[in-house]
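Step one of this worksheet: look at the structure below.
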Amino acid sequence: MEKEIIEFVNKFKATVSNQATRMSDFFEMSCFNHLVSFYENNEYTPSIENLQDGKYRYKCSTSGVQSNFSYFRVAKSVDKKEYVFEIQHNLAVQSSHSKEIFTTPDICIIKNDTVEETTEYYGTKRRFCFVKNEDLMTFCEVKQFNPFPELLFNFIGVVNELRKDILTNIAKKEIPFHIAPSLMISGTPNKQSLKIKEELEKRYCINIIFDIFHSGSNTFSKKHIDKLKETGNNATEIN
């Protein structure tokens, strides 16, 4: 997995600043790369931004200032208009219910140049980095577990907090599209987990992806990405 991560970043003519210490870190970095591949295979142009000492530095923790870590920018032209977004790692996102609370998905896709900082969030002058909910396009949660019912249902709670429109069926199709909120799990499901995945994906515009260790490259390949749901599927198109 470490070799795969290094080779992926090398493809963009950069090297990796390897600060990972746990298998879960490498797994999260690998899933981040799968998301970049999803956009690249959908005709977005990816580029690495904010190298640290000339190296790509993944943000494998919720702590730390966002400007001290690297990220990917993805751009796409639609009807002669260019759209630019960022794929960020462990960035706090404002709730879709309240401007005063935040949660931190593992990976989020946001509008370009919308990361903000404040020293008012904590009781100290510690810097807090976040993005407003209106600037969030979509997000992914990454779990290095075997899937179990509570894990799958808990993901719906995160979707409710960050993209409540998806659960109330008022989400509109976005141009250009984004991957629907996704739960990426390392383990192989049992019969019960498969039934829950089928039911939840039927109700909501989400993806629950199992067995990423073995199926990740295939799932996010150009040949198979059309099987993944996109934001606002079957809804009214807007610009």
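Could you give me the residue pairs with C-beta distances under 7 Å whose first residue belongs to the range 194-207 and is within 10 Å of Leu183 (Cβ to Cβ), whose second residue is buried (at least 20 other Cβ atoms within 10 Å of the Cβ) and small (Gly, Ala, Ser) wherever it lies, and which are 6+ apart or on separate chains? That search, which allows pairs on different chains as well, returns Ile206/Ala180; Ile206/Ser182; Asn207/Ala180; Asn207/Ser182.
Condition first: surrounded by 14 or more Cβ atoms within 10 Å (Cβ to Cβ) and either free of Cβ contacts under 8 Å to residues at least 24 places away in the same chain or in contact with a Leu (Cβ under 6 Å, 6 or more places away or on another chain) (or both). Can you find one or more residues in the range 160-170 that meet it?
Looking for residues that are surrounded by 14 or more Cβ atoms within 10 Å (Cβ to Cβ) and either free of Cβ contacts under 8 Å to residues at least 24 places away in the same chain or in contact with a Leu (Cβ under 6 Å, 6 or more places away or on another chain) (or both), one finds at least one in the range 160-170, hence yes.
Kindly establish whether Ile109 is in contact (Cβ under 8 Å) with a residue 24 or more places away in the chain and assigned to a helix (DSSP H, G or I). No, not satisfied. Taken over the range 120-148, the criterion of being touching a Ser or Thr at 6+ places or on another chain (Cβ under 7 Å), surrounded by fewer than 18 Cβ atoms within 10 Å (Cβ to Cβ) and part of a helix (DSSP H, G or I) is satisfied by no residue. Close contacts from the range 222-239, counting a first residue that is among the β-branched types (Val, Ile, Thr) and at pLDDT below 90 and a second that is part of a strand (DSSP E or B) and surrounded by fewer than 16 Cβ atoms within 10 Å (Cβ to Cβ), with Cβ to Cβ under 9 Å and a gap of 6+ residues or different chains, come to Thr231/Lys173; Thr236/Lys173; Ile238/Lys173. Comparison of Leu167, Leu194 shows that the only residue that is of a type outside the set (Ser, Thr, Tyr) and modelled with pLDDT of 95 or more is Leu194. Annotation note: of Ile166, Ile156, the sole residue that is closer than 17 Å to Ile109 by Cβ, out of contact with any Lys or Arg (no Cβ under 8 Å at 6 or more places or on another chain), of a type outside the set (Ser, Thr, Tyr) and not in a loop (DSSP other than H, G, I, E, B) is Ile166.
Within the range 176-206, the residues that satisfy the criterion of being among the basic types (Lys, Arg) and in contact with a helix residue (DSSP H, G or I) (Cβ under 9 Å, 6 or more places away or on another chain) are Lys197, Arg203. Considering only residues in the range 44-64 that are modelled with pLDDT of 95 or more and of a type in the set (A, V, I, L, M, F, W, C), the one that is surrounded by the fewest Cβ atoms within 10 Å (Cβ to Cβ) turns out to be Leu51. Test of understanding: among Pro176, Pro181, which residue is at pLDDT 95 or above, on the phi < 0 side of the Ramachandran plot and either buried (at least 19 other Cβ atoms within 10 Å of the Cβ) or polar (S, T, N, Q) (or both)? Answer to the selection: Pro181. Against the conditions (1) of a type outside the set (S, T, N, Q); (2) part of a loop (DSSP other than H, G, I, E, B); (3) surrounded by fewer than 20 Cβ atoms within 10 Å (Cβ to Cβ), Cys205 satisfies every one except (3). Checking the range 29-43 against the condition returns no match, with no residue being touching a helix residue (DSSP H, G or I) at 6+ places or on another chain (Cβ under 8 Å), without any contact (Cβ under 8 Å) to a residue 60 or more places away in the chain, assigned to a strand (DSSP E or B) and surrounded by 13 or more Cβ atoms within 10 Å (Cβ to Cβ).
The values are calculated or read from the model by the stated rules, or taken from the named source; none is laboratory data. Note that the structure is a prediction, hence the values are computed from the model and not measured. Cβ coordinates were reconstructed from backbone atoms using ideal geometry, including for glycine residues, and neighbour counts include every protein chain displayed.
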